[in-house]
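In what follows, a single structure is set out as structure tokens and then discussed.
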Amino acid sequence: MTTPGAQRRVLVVEDDPTIVEAIAARLRAEGFLVQTAADGPAAVETAAAWHPDLLILDVMLPGFDGLEVCRRVQAQRPVPVLMLTARDDETDMLVGLGVGADDYMTKPFSMRELVARSHVLLRRIERAAVAATTPRPGSVRLGDLEIDRTQRRVRAAGKDIHLTPTEFDLLMCLARSPRAVLTREQLLAEVWDWADASGTRTVDSHVKALRRKIGAERIRTVHGVGYALETPPGFAGETAARSQAPNEV
């Protein structure tokens, strides 16, 4: 992670010269340091040598695809990943989230939104780093679901569950108010710092990815509204979940 005030490093991986040049130019205009790669092997090599703060990664690449790039880069060191896909295919999105991506955008996309989401991902990772070094009281327990806020770890039915930073923040947001329905717009604003309703499908895909890891029955869909974290019958211990500050994820 870069020091406060330092320029953020962004690695853009895209094999279309027109797209990669447009993204790089816009990010440089926003004050980012940018390097580019046009295929899977070059992306992994550049990430290992340059240590980017953010990876903007196309799914379809020569050499090997963006999903494999994401796996290999995340194995080297954790880095937020914004995936780009030409297909509005939810399966691709869920697979991308499953290998460590934090967010995705489908082509064509607006440069304004790409820049905004890049800033959001960097801010969330910085908050997570601060939270990891800030002591907090206890864990949140909802039946056999345990959320350790200090270590940012989750156990469900006695098993450790690996969540991406975004998935953890989403779960913690829902856990602050068990059984309460949070709208997609609320979740988007609190977890992603993103107020544009065009991003609500991002919420849906992350909820589906989270369900696959902790159990589909734990998150209830309220059609046309949003989602709620379910609790066991007779559960009354909401104090721990609500002890967090209102704006803390």
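Of the numbered criteria (1) assigned to a loop (DSSP other than H, G, I, E, B); (2) modelled with pLDDT of 85 or more, the one L187 fails is (1).
Among the residues of segment 194-206, some residue qualifies, meaning at least one is in a helix (DSSP H, G or I), modelled with pLDDT under 90, within 25 Å of C70 (Cβ to Cβ) and touching a strand residue (DSSP E or B) at 6+ places or on another chain (Cβ under 7 Å). From the list E68, E30, E14, the lone residue that is touching a helix residue (DSSP H, G or I) at 6+ places or on another chain (Cβ under 8 Å), without any contact (Cβ under 8 Å) to a residue 60 or more places away in the chain and either under 24 Å from T202 (Cβ atoms) or of a type in the set (F, W, Y) (or both) is E68.
Results for (1) open to solvent by 40 Å² or more (accessible area, probe 1.4 Å); (2) closer than 25 Å to V115 by Cβ, shown as yes or no for each residue.
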| site | (1), (2) |
| --- | --- |
| P178 | no, no |
| L182 | no, no |
| Q186 | yes, yes |
| E190 | yes, yes |
| T200 | no, yes |
| S205 | no, yes |
| L210 | no, no |
| I214 | no, no |
| E217 | yes, no |
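Of the strands (runs of 3 or more DSSP E) lying entirely inside segment 9-62, those containing at least 1 residues that are farther than 21 Å from I125 by Cβ and open to solvent by 40 Å² or more (accessible area, probe 1.4 Å) are 33-37. Out of curiosity, is R112 modelled with pLDDT under 85, assigned to a helix (DSSP H, G or I) and within 27 Å of Q7 (Cα to Cα)? Taking the combined requirement at face value, the residue does not satisfy it.
For R127, state whether it is farther than 16 Å from G215 by Cβ, at pLDDT 80 or above, of a type in the set (K, R) and part of a helix (DSSP H, G or I). Against the criterion (farther than 16 Å from G215 by Cβ, at pLDDT 80 or above, of a type in the set (K, R) and part of a helix (DSSP H, G or I)), R127 does not qualify.
The values are calculated or read from the model by the stated rules, or taken from the named source; none is laboratory data. Because the structure is predicted, anything quoted here is derived from the model rather than measured. Using ideal geometry, Cβ is built from the backbone for each residue, glycine included, and neighbour counts are taken over all protein chains shown. Heads up: the accessible areas ignore ligands, DNA and RNA and are worked out on the full protein's heavy atoms, side chains in. Shrake-Rupley method; radii C 1.70, N 1.55, O 1.52, S 1.80 Å.
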